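Below is one structure, written out as structure tokens, with a few remarks after it.
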Amino acid sequence: MVYIRQRITIVNIRKPAEANVNQELQWFGSSLGLFNIRDKDKSCFRVFIELLKSAKAHQTLTSDNLAERLDLSRGTIIHHINRLMESGIVIHERNTYILRVDSLKSLIDEVEKDMRRACDDLKEVAKEIDSRLGL
């Protein structure tokens, strides 16, 4: 049996009071559990934004491309890319990375499908365990 690990995190955070794209993008990513308070220089946010731009242009990026564009170390880029891949929103194609979809709405649609599949699997296993335990 092959296990695919994907960590889906939803954090219920109050939306920004004013319409400000930067704050809304920060809220969006934080609500998906992508950014945390330890990321003082907002490097994960910056990686996410760069990947969003490249997805819109239908281009993939290497870790070196991202490091150069964002003036971050390749190690920092790889760390954040791995977290974004673990969440299921970034995919690795050959030697490059790209967001799984090319819009934020589509991204949420895909995350929702992933969560439904995970819940369906949990329900199925729970039903089997309940049956074996006589519950």
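Just a few scattered comments:
- Index of the failed condition, ASP102 passing every other in (1) in a helix (DSSP H, G or I); (2) farther than 18 Å from GLY33 by Cα: (1)
- Taken over the stretch 17-36, residues that are in a loop (DSSP other than H, G, I, E, B) and either surrounded by 15 or more Cβ atoms within 10 Å (Cβ to Cβ) or among the small types (Gly, Ala, Ser) (or both) amount to 6.
- Residues being of a type in the set (Asp, Glu) and in a helix (DSSP H, G or I) - total across the stretch 45-95: 4
- Residues (in contact with a Leu (Cβ under 7 Å, 6 or more places away or on another chain) and of a type in the set (Asp, Glu)) located in the stretch 42-91: GLU50
- Residues that are in contact (Cβ under 8 Å) with a residue 24 or more places away in the chain, buried (at least 16 other Cβ atoms within 10 Å of the Cβ) and on the phi > 0 side of the Ramachandran plot do occur in the stretch 86-107, at least one of them.
- The set of residues from the stretch 40-61 being in contact (Cβ under 8 Å) with a residue 40 or more places away in the chain and not hydrophobic (A, V, I, L, M, F, W, C) comprises SER54, LYS56, HIS58.
- Candidates SER73, SER30, filtered to the one that is on the phi < 0 side of the Ramachandran plot and either aromatic (Phe, Trp, Tyr) or under 17 Å from the mean Cα position of the chain (by Cα) (or both): SER30
- Condition met for LEU61 (of a type in the set (A, V, I, L, M) and within 11 Å of the chain's Cα centre (by Cα)): no
Quick note: the coordinates plus some simple rules give every number you see, no bench work behind them. What you see is a predicted model, and the numbers here were worked out from it, not measured in a lab. Reconstructed Cβ throughout: ideal geometry from the backbone, glycine too, with neighbour counts over all protein chains shown.
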